[in-house]
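Asks: Got a structure for you, written out below as structure tokens; questions coming shortly.
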Amino acid sequence: MTAFSRKPLDKREIDLGLAELPGWEFSTDTISKLYSFGSFREAMSFMVRVGFEAESMDHHPEINNVYSRVKISLNTHDAGNQVTALDMELARRINKLSWI
């Protein structure tokens, strides 16, 4: 379990967090990013790595995959489906996993 806050962030805090997360966007109480890989196999490998990282944090993203594209969306259910510091930390960790 992680010690990151599950308190909803305000818009300013979200904007500050996203400034350090290239490619991530905020919309409708969710941060998300679309990753495009060279193949389905690469996309699947990335999703498995994300799954292990998410499980280690006990925080699980919404993942959508179509062939070589993976869209990841994050918000915190315990915070009324809003964005928290926990989401920002998982997004940072996901970005570190990506080789594209």
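Asks: So if the hydrodynamic radius of the chain is defined as the Kirkwood radius over C-alpha pairs, what does Stokes-Einstein give as its diffusion coefficient at 10 °C and 1.306 mPa s, in µm² per second?
Replies: 117 µm²/s
Asks: Compute the FRET efficiency between MET44 and ASP15 as 1/(1 + (r/R0)^6), taking r as their Cβ-Cβ distance and R0 = 41 Å, and round to the nearest 0.05.
Replies: 0.80
Asks: So between GLU55 and THR30, what do we pick up on full extension, going 0.36 nm a residue minus the alpha carbon distance?
Replies: 7.1 nm
Asks: Which one of ALA19, PHE4, PHE37 has its Cα pushed farthest toward the positive end of the charge dipole of the chain, where Lys and Arg give +1 and Asp and Glu give -1 at the Cβ?
Replies: Toward the positive end, the furthest listed residue is PHE37.
Asks: With +1 assigned to the C-beta of every Lys and Arg and -1 to the C-beta of every Asp and Glu, and no other charges, what is the dipole magnitude of the chain about the Cα centre in debye, to the nearest 20?
Replies: Using only the charged Cβ atoms, the result is roughly 300 debye.
Asks: Quick one: what are the phi-derived ³J(HN,Hα) couplings along the range 9-22, Karplus 6.51/-1.76/1.60 with θ = phi - 60°, whole Hz, x for glycine and proline?
Replies: Per-residue couplings from phi come out as 8, 7, 4, 5, 5, 5, 4, 4, x, 5, 4, 9, 10, x Hz.
Asks: Let me ask something else. Loop only per DSSP, at most 14 neighbouring Cβ atoms within 10 Å: give me the chymotrypsin sites (Phe, Trp or Tyr not before Pro) in the range 1-87, ordered by residue number.
Replies: Hits after loop and neighbour filter: TYR67.
Asks: Given H placed on each backbone N at 1.01 Å, which residues far from THR76 in sequence or on other chains put an amide H within less than 5 Å of it?
Replies: Distant-sequence amide H within range of THR76: ASN81, GLN82, VAL83, THR84.
Asks: Next question, about the same structure. Hey, if you drop one equal point scatterer on each alpha-carbon of the range 18-73 and run the Debye formula without solvent, what base-10 log of I(q)/I(0) do you get at q = 0.16, 0.18, 0.24, 0.31 Å⁻¹?
Replies: -0.51, -0.64, -1.03, -1.21
Every read-out reported here was derived from the displayed coordinates using simple, explicitly stated rules and does not represent laboratory data. Bear in mind the structure is a predicted one, so any value in this text is a computation, not a measurement. Glycine also receives a Cβ, built like all others from the backbone with ideal geometry; neighbour counts cover every protein chain displayed.
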